[in-house]
Amino acid sequence: MGEVEKLCDKVISTDLLIVGSEGAGGHAAIKAHSQGADVLIVTKGKIGQCGASQMAGVDFNVDGKTAKTLGFTGDDRDSPERFFEDLVREGLYLNNQKMVEKYVEYAPKAMKDLMDWGMRIYGYDSVHAEEMARGITSAGTYWVAAIRKKVKELKIPMLEDTMLIDLLIREGRIAGAVALNIKSGETILIKCKAIILATGGWHRAYSFNTGSYDLTGDGIGMAYRAGAELISMEMVQFCPITMVWPPKDRGSIALYVLSCIDPFDKYIQLVNNKGERFMEKYDPINLEKSTKEIVSIASELEVENGRGGLHGGIFFSLKHLRPKFIDAIIRIANNRIKNELKDTRYEFTTLIPELIKKCKTENIEVGNGAHYMGGGIKVNENTETTIPGLFAAGECSGGLWGAVRVASACTEVGVQGIIAGEVAPKYVKKVEQAEINENQVREILDRINKPLMRDEGITPNELTKKMHEISGKKVGLIKEGSLLKEATEELLEIINDDLENLCITSTKSKELNDEWIKAIELENILTCLYLSAKSSLIREESRGEFYRRDYTHTDHDNWLKTIVMKQKNGELDIKFENPVVTKISLPKGKLTYQEAIGVATASLKRE
Amino acid sequence: MEEKKIIKVKCFRFDPQKDEKPYYDTFKVPISGKMSIQDCLVYIRENEDPSLAFFINCRLGFCKRCLIRVNEKSCFACLTVVEEDITVEPLMKDKVIRDLWSKDI
Ligand SMILES: Cc1cc2nc3c(=O)[nH]c(=O)nc-3n(C[C@H](O)[C@H](O)[C@H](O)COP(=O)(O)OP(=O)(O)OC[C@H]3O[C@@H](n4cnc5c(N)ncnc54)[C@H](O)[C@@H]3O)c2cc1C
Ligand code: FES
């Protein structure tokens, strides 16, 4: 055994390492394995029991015409071309159109795979409120169960409860990675020719979010440290009507989902602490059915102006309905969920009926939870990053959506999973295993062990609180230059000072040491949040999911460009890139935010 | 603000690498609004003892990995509401990795 092999507790070799086991990672692994590639999955949780995929509603997209070939009702008025145009127009033109083309082309393939693997389907429907039905509905739990079953059937090797720490690079390309077994505390050196990152979002940068505990932007952090380019980090989607209170249900989007489903959508009102139906002011025509963005901004403005609840939200209300009518709604919901769909998820079988019942006497406090990360590791239509041998698929990647995620993220992760699973094995065949750089392994191990060696400094819990203060107050839904500037300065200081002073004192044990894992994750979350704040500060306009109070126009003349970031010689290097165009040329002019987002609303400026 | 009630959460503790045998630690947790057992454990980890090991992922009943024993009955920590003093133990006391996380989850 050479010197380098002795540095970690274990050494493993594979051709293709896949990081993340869910919608994107699991799909990629199955595809790559079926191409004959030697694959290893490393995942921070257990397959089918981690990440955002399990929690999804869920809906997938296939254009109406092609849907017919899969046996769904479909819609003849639709076509792949029309779907493509909608995605680019509604994404407000920041999309990489080559990626959008692939999305539309591969969406049916992703759907077909899931059907072949036995995913239960609820129906064919319109979920994203397009003019026509384009969506296939199911449950996130069925989705990940189908993937898990296939991965197990194929006996794809997997390390669960294992966290990838950093990528190993030799002469500019992938040579391997270092991982940590969360349960045993053992370090693992993984030698490989290529890596697919499918690590999902970085929800936990926000104390109020809708995701799971493992979503800490590790893939984006690792890629950035390795020198890969990131794109559109300012694009963060917040989900309105997310449960704020009580603590047990905090972060649940059950009421948001309910508010999108016919017939429930007709009865739901959002009110402020005075009982006023505030959407009357912001979008008198569409009211609560306005776009996600407008409802989010309106709720935020109410809270800001002192008309919110005790816990920072506004209220979901059914008070205008008679108790008997509410009972009828519960009966309809129960019948739909339990009898027709036979859904078994707690949120649907228990929480929703419980909450509706509660609405007879109280309103429920809801708000905007950090929900979906539109930016991430920059990839092209083949999921290739700017580092040879490094691929990224799913929510950790960026470029597809432009300024608004208007269609299914679950389809995105399947599409990119398939593409990565097709492209990476071809790359693997062409290259030799690169030699591992011993010093790099040493540096990584030193870095992660330092907090365990320190006896004083700042604890991961303290630092997390500090970060959440900043993200909540200064990098939230409504952005403002002066606050963003403060946030970037404070976050940079934290990254340079506090991160170097993290200490773990409660236990030095390496088994299941939550503080230690948090310390490692913090570097990644802080990287994502800092770059997002920086990118937000640079974009002097409002567009789609991105709203700046001090620049409320959507400025096609100056801002139809993406912000691309990477680390170069230890410094942040920022450049602008024009969106990749294939069929739809970029518009000119300057629109008000409301015009751009296509809704008539009252002024969104602070009163 | 809501009234806060203080409850006692008695936790099974064991680090097989370090401890000869298991023991129990009792923490006081302020209850404000409907809280799950997991919310109490998070409170303890963030405010009292960061070394407490337990499982958490989705917080809403999706991942089905947060199985735990409360007052000798097994349940999902994120879905079970706490109102009174409780004793929390791992699912399998003889298979503990650390504290409340046993090998079978
Ligand atoms: C509550 C909720 C509801 C949603 N509903 C919908 C919906 O109805 N429709 C829709 O289109 N979209 C929905 N979304 C978005 C969609 O679910 C996600 O974008 C998508 O599932 C992401 O899939 P992914 O495979 O990229 O990442 P994830 O499913 O998040 O998986 C990430 C994986 O990476 C692993 N990982 C992370 N870091 C590491 C590391 N360092 N080492 C090893 N492994 C690591 C994780 O453990 C996990 O396995 C929803 C999201 C949420 C949070
Ligand atoms: S934490 Fe996922 S089910 Fe309890």
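For A:Lys357, the aspartates and glutamates whose Cα comes closer than 16 Å to its Cα, not counting residues fewer than 8 places off in the same chain, are A:Asp249, A:Asp327, A:Glu347, A:Glu365. Taking 13 Å as the straight-line reach from the Cα of A:Lys430, the aspartates and glutamates in range (excluding those fewer than 8 positions away in the same chain) are A:Asp15. The sum of -39500 (n - 2.57) across all DSSP H runs of n ≥ 4, divided by the residue count of chain A, sets its helix-only mean residue ellipticity at 222 nm to -11500 deg cm²/dmol. Over the protein assembly as shown, the fraction of Cα-Cα pairs per 10 Å bin, rounded to whole percents and listed from the shortest bin up, is 3, 15, 26, 29, 19, 7, 1, 0.
Straight-line cross-link partners of A:Lys358 among the lysines, defined as a Cα under 24 Å from its Cα and at least 8 positions apart when in the same chain: A:Lys248, A:Lys266, A:Lys274, A:Lys289, A:Lys319, A:Lys324, A:Lys338, A:Lys342, B:Lys4, B:Lys5, B:Lys34. Taken over region A:151-302, the alpha-carbon convex hull comes to 182 cubic angstrom per residue.
Mean partner shielding of peptide B:46-54, defined as the number of other chain Cβ atoms within 10 Å of each residue Cβ, is 5. Antiparallel DSSP bridges in chain B: what percent, to the nearest 5? Approximately 85 percent, going by the DSSP bridge assignments. The base-10 log of I(q)/I(0) for region A:223-306, evaluated at q = 0.23, 0.27 Å⁻¹, reads -1.22, -1.48 [Debye formula, identical scatterers on Cα atoms, solvent excluded]. Calculated FRET efficiency, A:Thr592 and A:Asp265, Cβ-Cβ r, R0 30 Å, to nearest 0.05? E(calc), rounded to 0.05, equals 0.65. For chain A, the longest principal axis of the Cα atoms and the long axis of helix A:323-334 meet at an angle of about 40 degrees.
Placing +1 on the Cβ of every Lys and Arg and -1 on the Cβ of every Asp and Glu, with nothing else charged, gives chain B a dipole about its Cα centre of roughly 320 debye. Applying the criteria of a DSSP loop state and at most 13 other Cβ atoms within 10 Å to the trypsin sites (Lys or Arg not before Pro) of region A:58-156 yields A:Arg77, A:Lys155. For chain A, give the share of DSSP beta bridges that are antiparallel, in percent and rounded to the nearest 5; count only bridges with both residues there. Taking every DSSP beta bridge within chain A, about 70 percent pair in antiparallel fashion. Quick one: grab the alpha carbon gyration tensor of region A:366-475, order the square roots of its eigenvalues as a ≥ b ≥ c, and give me rounded if a/c is under 1.5, else prolate or oblate depending on whether a/b is larger than b/c. It comes out oblate by the Cα gyration axes. Across the alpha-carbon set of region A:238-369, the Rg to Rh ratio works out to 0.95, Rh being the Kirkwood radius.
Per residue and in cubic angstrom, what volume does the convex hull of the Cα atoms of region A:1-50 have?
Dividing the Cα hull volume of region A:1-50 by its residue count gives 79 Å³.
Axis angle, to the nearest 10 degrees, between helix A:409-430 and the longest C-alpha principal axis of chain A: 20 degrees. Ranking A:Ala198, A:Gly251, A:Ala333 by Cα position along the charge dipole of the protein assembly as shown, where only Lys, Arg, Asp and Glu carry charges on their C-beta atoms, puts A:Ala333 farthest toward the positive end. Annotation: region B:5-102 has a Kirkwood hydrodynamic radius of 13.4 angstrom, from the mean reciprocal C-alpha pair distance. Ranking A:Thr505, A:Phe264, B:Thr87 by Cα position along the charge dipole of the protein assembly as shown, where only Lys, Arg, Asp and Glu carry charges on their C-beta atoms, puts A:Phe264 farthest toward the positive end.
Look at the dipole of chain A built from charges on Cβ: of A:Val88, A:Ala177, A:Gly118, the Cα furthest out on the positive end belongs to A:Gly118.
Rounded to the nearest 0.05, what FRET efficiency do A:Arg170 and A:Glu304 give with R0 = 60 Å and r taken as the Cβ-Cβ distance? Could you check?
So the FRET efficiency works out to roughly 0.75.
In this Cβ point-charge picture (+1 for Lys and Arg, -1 for Asp and Glu), region A:238-369 has a dipole of about 560 debye about its Cα centre. Rounded to the nearest 20 debye, the dipole magnitude of chain A is 1320 debye, with +1 charges on Lys and Arg beta carbons, -1 on Asp and Glu beta carbons, and the Cα centre as origin.
The Cα-based radius of gyration of region A:444-568, divided by its Kirkwood radius, gives an Rg/Rh of 1.08. Helix B:37-47 and the longest principal axis of the C-alpha atoms of chain B enclose an angle of approximately 80°.
Relative contact order for region A:79-222: 11 percent, from Cα pairs under 8 Å spaced at least 6 residues apart, divided by residue count.
Among the listed pairs A:Lys44/B:Lys64; A:Lys473/B:Lys64; A:Lys46/B:Lys18; A:Lys150/B:Lys64, which are separated by more than 23 Å between their Cα atoms?
Violating the 23 Å limit, Cα to Cα: A:Lys473/B:Lys64; A:Lys46/B:Lys18.
Provide the FRET efficiency to the nearest 0.05 for the A:Asp116-A:Lys426 pair, computing r from the beta carbons and using R0 = 22 Å. Once the sixth-power term is evaluated, E becomes 0.45.
Bear in mind that the values in this text are calculations on the coordinates, not laboratory data. The structure displayed is predicted, hence computed values, not measured ones. Using ideal geometry, Cβ is built from the backbone for each residue, glycine included, and neighbour counts are taken over all protein chains shown.
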